[in-house]
1. Mind listing whichever residues of the range 28-59 are at pLDDT below 80, in a helix (DSSP H, G or I) and aliphatic (A, V, I, L, M)?
2. Return only the number of the condition from (1) within 28 Å of K129 (Cα to Cα); (2) part of a helix (DSSP H, G or I) that L105 does not satisfy.
3. Given the condition in contact with a Ser or Thr (Cβ under 9 Å, 6 or more places away or on another chain) and under 30 Å from Y40 (Cα atoms), answer yes or no: does some residue in the range 57-66 qualify?
4. Could you please find all residues in the range 17-38 being over 16 Å from the mean Cα position of the chain (by Cα) and over 25 Å from L51 (Cα atoms)?
Amino acid sequence: MNHQDLILKEKHVYKAFIKLAFPLMIAHLLSSIHTLLDTYFLGQLHQSSILQASISTSWTIIQLFLTLGMGLSAGSIAILSQLHGQNEQEKEEEYATILFLFFVLIGILAGILLYFFCPVLLVWMNVLKKDEKI
């Protein structure tokens, strides 16, 4: 019996929930520690308020893409879970490969778009004036 079967067949739901939620909690904890350390070290620098404003501005853009990724991930999990429940392992593997490649492609496209359109986003967010350069 593998680890996945142990989680799915756990008699006590809270134990399975903890096993599934623990890696996510650790990821969010590390992200929070990273943000706190950024804020601390930026606070030690000259003109720290400007630097901290840049962190909070960039976080808005990052949060937008994180939300998009979470939504797409939830949909992908639903599709793969249905296939897994129907015991269609070949289709499940095929879909998982397609979805993985799709996410890699979306990541590359998002990186390229952000590289070129970041100044436009900053103007829309009233961080830069139209004539200012980064």
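1. Scanning the range 28-59 gives L42, I50, L51, A53, I55.
2. Here L105 clears every test but (1).
3. Within the range 57-66, one or more residues are in contact with a Ser or Thr (Cβ under 9 Å, 6 or more places away or on another chain) and under 30 Å from Y40 (Cα atoms).
4. Within the range 17-38, F17, I18, K19, L20, F22 meet the criteria.
Here is a yes/no grid of residues against (1) of a type in the set (S, T, N, Q); (2) surrounded by 10 or more Cβ atoms within 10 Å (Cβ to Cβ); (3) within 26 Å of S32 (Cα to Cα); (4) at pLDDT below 90:
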residue: I61; (1), (2), (3), (4): no, yes, yes, yes
residue: G69; (1), (2), (3), (4): no, yes, yes, yes
residue: Y95; (1), (2), (3), (4): no, yes, no, no
residue: K129; (1), (2), (3), (4): no, no, no, yes
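The rows are residues; the columns are (1) touching a residue at least 60 places away in the same chain (Cβ under 8 Å); (2) surrounded by 10 or more Cβ atoms within 10 Å (Cβ to Cβ); (3) farther than 26 Å from L122 by Cβ; (4) over 23 Å from the mean Cα position of the chain (by Cα).
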residue: Q52; (1), (2), (3), (4): no, yes, no, no
residue: L66; (1), (2), (3), (4): no, yes, no, no
residue: G75; (1), (2), (3), (4): no, yes, yes, no
residue: Q86; (1), (2), (3), (4): no, yes, yes, yes
residue: L99; (1), (2), (3), (4): no, yes, yes, no
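The values are calculated or read from the model by the stated rules, or taken from the named source; none is laboratory data. Computed from a predicted structure; not experimentally measured. Cβ: placed from backbone, ideal geometry, glycine included. Neighbour counts: every protein chain shown.
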